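A short reminder: the numbers here are calculations on the coordinates, not readings from a lab. All figures in this text were calculated on a predicted structure; none of them were measured in a lab. Here the Cβ positions follow ideal geometry from the backbone for every residue, glycine too, while neighbour counts run over all protein chains shown.
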Amino acid sequence: MNESTERYAHKICGRFYLWIGKRLLFISLLFGIILLRMNSTLFEPVCGVLLLIEISSMLLAVPLTEGALKNKFDNA
């Protein structure tokens, strides 16, 4: 709507991306290293499931950002 709402939305979304991204990076690396060391046939399916989890968690930023915008600017 205006510059202040846009900046606030970017700030909220960016913080969530950093927060969730750090955790997902650690989990992905952990599973990847474990499965590669085991030389498992489960590597590809587990990577696919991790990818779906990562995508869905990143898409979760949209409703969280919208909710934060609603809470901040509708009450003002």
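In deg cm²/dmol, rounded to 500, what helix-only [θ] at 222 nm does the chain give when every DSSP H run of at least 4 residues adds -39500 (n - 2.57) and the total is split over its residues?
Computed ellipticity for the chain at 222 nm equals -30500 deg cm²/dmol.
Please tell me the relative contact order of the chain in percent, rounded to the nearest whole number, where contacts are Cα pairs under 8 Å and at least six residues apart.
Details: 26 pairs, mean separation 40.7, N = 76.
Relative contact order, the chain: 54 percent.
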What does the charge count near Gly14 come to, summing +1 for each Lys or Arg and -1 for each Asp or Glu among other residues with Cβ under 14 Å from its Cβ? +3
Longest principal axis of the chain (C-alpha) makes with the long axis of helix 61-73 (C-alpha) an angle, in degrees to the nearest 10, of 20 degrees
